[in-house]
Amino acid sequence: MTDPILATVQHSLTGQPLSFNQAEQFFSAVVQGAVEPVHLTALLVALKMRGETADEIAGAASALRAAAKAFPQPVSGSIDCCGTGGDGSNTINISSTAAIVGAAMGLKVVKHGNRSVSSRSGSADLLEQLGINIQMAPEQALAALAQTGCSFLFAPLYHAGIKHAMPVRNALKSRTLFNLLGPLVNPAAPDYQLLGVYDPKLCRVMAQALKQLGVKRAWVVHGSGCDEVALHGNTYVCELKDGELNEFNLTPDDFGVSQMPLSALAGGEPAENAAATLAILQGEGQNAHKAAVAINVAAMLKIAGMGDDLKVNTRAVLELLGSAKAFDTLTRFKHCSQQEVTHG
């Protein structure tokens, strides 16, 4: 009788795509530590050389979701804003700042993230610098969301099984399917997503994967070399809405803001990026910084059905940034993240 793991590897080596179920079963075994490193390496390389399909990405993500530590309850209407990383742009932490600003605008933002892999400052690095307890338990994360509209789920706390793949990932030192999974395995299973990718070729396949995973509406974006809505050029969008995919391009003018060079968004170490975020939240940040965050929050508002006009949304966000409301959201989020949850 053929070993099913080996059979899946051999199938992938013929150049044939895996079905959703094949990918799900294989990666379920991976996170249980039941796949030999040589077999995992062979499959990851085979998929990478051919190009991962939506079934393969969604099947692997489904396996990781099923194995993850559970979030206490689903939160209707929640949104995540994150990217694959790997774009090499080393900007300020736009999506992490947008999460806090989005919450101040009335969104329910459940950000799933990790420490830096490809940049100098990941979402967890930034939030830690801002005083957020990134290691908060699931109950704390849910309470923070209820009280502030913002929460953070630190990936290693929920996806312990990924450790079994780390030796292979570290040895390969190359992008693989795992680089695509982070934004797809949020344990809170948000209804909406703004998902940035490092390669425009990934927009459609990632949108197809989100559809298979049950996300209601999403934008998968690539902004002129960055995994965010771009202030410095065009943004290619693949939108998932009502089960259909729609592709289009946006420019800063569509948001009612001026195009600015990418150099205006240059980031640094976590402490430097935290200082930039604090300035933005207090309404004192550089115009380019505020505009970059505003257009991403404007997109989030549209995705979540809280405003269809991108220019109106952007103006509303910039107006909010002129007040202390976003900084107040951060202050309350910080407090909630450090509170023990009592069960009465």
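Summary table below
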{"read-out": "Near pairs, Cβ below 9 angstrom, 6+ apart or cross-chain, from the range 103-114 (among the β-branched types (Val, Ile, Thr)) to any residue that is in a strand (DSSP E or B) and at pLDDT below 95", "value": "none"}
{"read-out": "Residue within the range 70-87 that is part of a helix (DSSP H, G or I), of a type in the set (Ser, Thr, Tyr) and assigned by the TED database to the domain that holds GLY268 present", "value": "no"}
{"read-out": "From the options PHE327, PHE248, PHE255, residue that is touching a strand residue (DSSP E or B) at 6+ places or on another chain (Cβ under 7 Å) and either within 21 Å of VAL221 (Cβ to Cβ) or modelled with pLDDT of 95 or more (or both)", "value": "PHE248"}
{"read-out": "Checklist (1) surrounded by fewer than 24 Cβ atoms within 10 Å (Cβ to Cβ); (2) of a type outside the set (Ser, Thr, Tyr); (3) touching a Leu at 6+ places or on another chain (Cβ under 7 Å); (4) farther than 20 Å from VAL109 by Cα applied to PHE327, failing item", "value": "(4)"}
{"read-out": "Some residue of the range 270-286 being among the polar types (S, T, N, Q), more than 23 Å from MET136 (Cβ to Cβ) and more than 22 Å from the chain's Cα centre (by Cα)", "value": "yes"}
{"read-out": "Total residues in the range 173-187, condition over 17 Å from ALA60 (Cα atoms) and in contact (Cβ under 8 Å) with a residue 24 or more places away in the chain", "value": "1"}
{"read-out": "Scan of the range 40-64 for residues that are buried (at least 20 other Cβ atoms within 10 Å of the Cβ) and of a type outside the set (A, V, I, L, M), ordered by number", "value": "GLU52, ASP55, GLU56, GLY59, SER62"}
{"read-out": "Test: residue in the range 49-68 that is touching a strand residue (DSSP E or B) at 6+ places or on another chain (Cβ under 8 Å), in contact (Cβ under 8 Å) with a residue 60 or more places away in the chain and either in the same structural domain as SER224 (by the TED database) or over 24 Å from SER174 (Cα atoms) (or both)", "value": "no"}
{"read-out": "Complete set of residues in the range 225-263 that are touching a helix residue (DSSP H, G or I) at 6+ places or on another chain (Cβ under 9 Å), more than 25 Å from ALA316 (Cα to Cα) and part of a loop (DSSP other than H, G, I, E, B)", "value": "GLY225, GLY243"}
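To keep it simple, each residue is scored yes or no on (1) over 30 Å from THR176 (Cβ atoms); (2) in contact with a Pro (Cβ under 7 Å, 6 or more places away or on another chain); (3) surrounded by fewer than 24 Cβ atoms within 10 Å (Cβ to Cβ); (4) modelled with pLDDT of 95 or more.
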{"site": "GLY86", "(1), (2), (3), (4)": "no, no, yes, no"}
{"site": "ASN90", "(1), (2), (3), (4)": "no, no, yes, no"}
{"site": "VAL101", "(1), (2), (3), (4)": "yes, no, no, yes"}
{"site": "ALA104", "(1), (2), (3), (4)": "yes, no, no, yes"}
{"site": "ASP125", "(1), (2), (3), (4)": "no, yes, yes, no"}
{"site": "GLN140", "(1), (2), (3), (4)": "yes, no, yes, yes"}
{"site": "GLN147", "(1), (2), (3), (4)": "yes, no, yes, yes"}
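One line per residue, one yes/no per condition, for (1) surrounded by 16 or more Cβ atoms within 10 Å (Cβ to Cβ); (2) of a type in the set (Ser, Thr, Tyr); (3) not in a loop (DSSP other than H, G, I, E, B):
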{"position": "LEU18", "(1), (2), (3)": "yes, no, no"}
{"position": "GLN22", "(1), (2), (3)": "yes, no, yes"}
{"position": "SER28", "(1), (2), (3)": "yes, yes, yes"}
{"position": "VAL35", "(1), (2), (3)": "yes, no, no"}
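So that you can scan it fast, the table gives a plain yes or no per residue for (1) crowded, with 18+ Cβ neighbours inside 10 Å; (2) in contact with a Ser or Thr (Cβ under 8 Å, 6 or more places away or on another chain); (3) of a type in the set (Lys, Arg):
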| residue | (1), (2), (3) |
| --- | --- |
| TRP219 | yes, no, no |
| GLY233 | no, yes, no |
| GLU239 | yes, no, no |
| PHE255 | yes, yes, no |
| GLN282 | no, no, no |
| ALA291 | yes, yes, no |
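The values are calculated or read from the model by the stated rules, or taken from the named source; none is laboratory data. Bear in mind the structure is a predicted one, so any value in this text is a computation, not a measurement. So basically every Cβ, Gly included, is an ideal-geometry build from the backbone, and we count neighbours across all protein chains shown.
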